[in-house]
Amino acid sequence: MKTRLQKSRKARSFALGFCVFVLSLLAGSSVLAQPNTSYKFVIEPPDDIYADSARIYLEFFQARLAKILEFPLDTTVTLYLATSESEFLNDTGITPPDWGAGIAFLEKSMIVIKSPKYITSGKSLKELIGHELAHIMLYRAVGGRWLPRWIQEGFAMTQSGEWHFGQDILVARAAWTGRLVYLHQMEDMLTFKGAQAQLAYTESYMAMSRLFRQSDSFVLADMLKMYRKSGDFYGAWKANIGTDYVTWTANWLTSISRQYHFLIFIWDNEMFWIILTIGFILIFVWKMRQNARTKRKWKIEDRINPPDDSYKQYYDGYYDEEDKV
């Protein structure tokens with residue numbers, strides 16, 4: 001009797017333990033399935049006309065960047081919408097370059113951009129927010145370690161969608177004149193003037209695009225993960241890209257120079273456009289003269305063989321009359 005009672009108690013204990021185990025697994029999976037809510041966005045001033053749009057863009061890019069970096073945002077990001085140039089300077093606390101429309105303070109996780117309500121920057125609010133948030137999330141994904149400036153700017157541009165048709169003409173002109181900016185020279189980008197800064201941004205975008213095309217879309221995330229652990233950027237680069245950093249950047253510059261050297265001759269050479277215009281004029285004159293010769297030919301043919309050809313009428317009528325006889 002005691003044996004049966006003991007067996008019954010063991011069975012109940014086993015069943016209860018199994019249920020607790022299953023419930024704990026389900027609870028754990030539900031926690032894992034919940035979206036990451038460790039980040040927060042604060043927008044100042046909260047009553048700005050673009051505050052709601054800014055929050056939507058922040059949420060959109062947060063999800064996009066977390067996926068490509070395989071590293072979720074884990075902090076509070078404060079976005080200031082400056083309503084004037086003086087307020088922009090006051091919020092940043094520095095004197096940014098005159099071409100700057102936004103700035104990200106990486107350690108503070110703070111973004112300051114010029115509100116499109118008051119200031120025309122040449123870029124959309126969406127592009128500005130995406131660009132600056134990309135800087136912050138890339139910084140946190142690498143554990144606050146150093147990254148080449150061209151990677152920072154190129155990544156921000158590719159993710160925010162800032163590329164516009166015709167930007168590569170700048171690169172083509174620089175390639176033709178031998179004034180391309182070396183990637184390692186972009187560490188001083190904030191000191192560049194407007195045209196040189198635009199060229200540096202465009203080259204950064206093109207270099208990052210080349211990197212993504214040559215590898216899978218998550219190569220950057222893999223490299224950053226290794227870099228976070230080892231602290232060796234160049235080792236992480238070579239392990240994931242397959243080529244050492246110096247060789248890759250040198251090869252990229254050479255390929256860009258060759259690619260755009262002929263393009264600029266076609267697109268940006270004044271003599272080419274003069275020759276092209278003269279060519280169109282000559283074709284137009286030749287076509288007009290050809291049409292005039294064709295019309296003269298038709299007139300001559302009409303005189304020789306008029307539409308009411310009397311000979312044909314006589315010829316047919318002659319045999320008609322003969323048949324009647």
Of the residues in the range 217-229, those that are more than 14 Å from residue 147 (Cα to Cα) and part of a helix (DSSP H, G or I) come to 219, 222, 229
Does residue 241 satisfy the condition of being at pLDDT 70 or above and surrounded by 13 or more Cβ atoms within 10 Å (Cβ to Cβ)? yes
Of the residues in the range 119-134, those that are touching a Leu at 6+ places or on another chain (Cβ under 8 Å) and surrounded by fewer than 23 Cβ atoms within 10 Å (Cβ to Cβ) come to 121
Exactly one of 93, 102 is outside the structural domain of residue 234 (by TED's automatic domain parsing) and out of contact with any Ser or Thr (no Cβ under 9 Å at 6 or more places or on another chain), and that residue is 93
Open item on the list: Among the residues that make up the range 183-197, is at least one of them of a type in the set (Phe, Trp, Tyr) and either part of a helix (DSSP H, G or I) or at positive phi (or both)?
Closed with: no
Against the condition surrounded by 15 or more Cβ atoms within 10 Å (Cβ to Cβ), of a type in the set (A, V, I, L, M, F, W, C), in a helix (DSSP H, G or I) and assigned by TED's automatic domain parsing to the domain that holds residue 227, how does residue 174 come out, does it pass? yes
Among the residues that make up the range 37-46, is at least one of them modelled with pLDDT under 75, assigned to a loop (DSSP other than H, G, I, E, B) and under 24 Å from residue 144 (Cβ atoms)? yes
Being at pLDDT 90 or above and closer than 24 Å to residue 201 by Cα narrows 82, 134, 51, 101 down to just 134
Evaluate the following for residue 163: is it buried (at least 20 other Cβ atoms within 10 Å of the Cβ) and of a type outside the set (Asp, Glu)? no
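Considering 189, 137, 206, 157, which residue is over 19 Å from residue 220 (Cβ atoms) and within 20 Å of the chain's Cα centre (by Cα)? Quick ask: steps written out before the conclusion?
Numbers: 137 fails: over 19 Å from residue 220 (Cβ atoms); 206 fails: over 19 Å from residue 220 (Cβ atoms); 157 fails: over 19 Å from residue 220 (Cβ atoms).
None of the other options fit; the residue is 189.
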Across the range 53-69, the tally of residues that are surrounded by 14 or more Cβ atoms within 10 Å (Cβ to Cβ) and either in the same structural domain as residue 157 (by TED's automatic domain parsing) or not aliphatic (A, V, I, L, M) (or both) stands at 7
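The values are calculated or read from the model by the stated rules, or taken from the named source; none is laboratory data. The model shown is predicted, which means the values in this text are computed figures rather than measured ones. All Cβ positions, glycine included, derive from the backbone under ideal geometry; neighbour counts span all protein chains shown.
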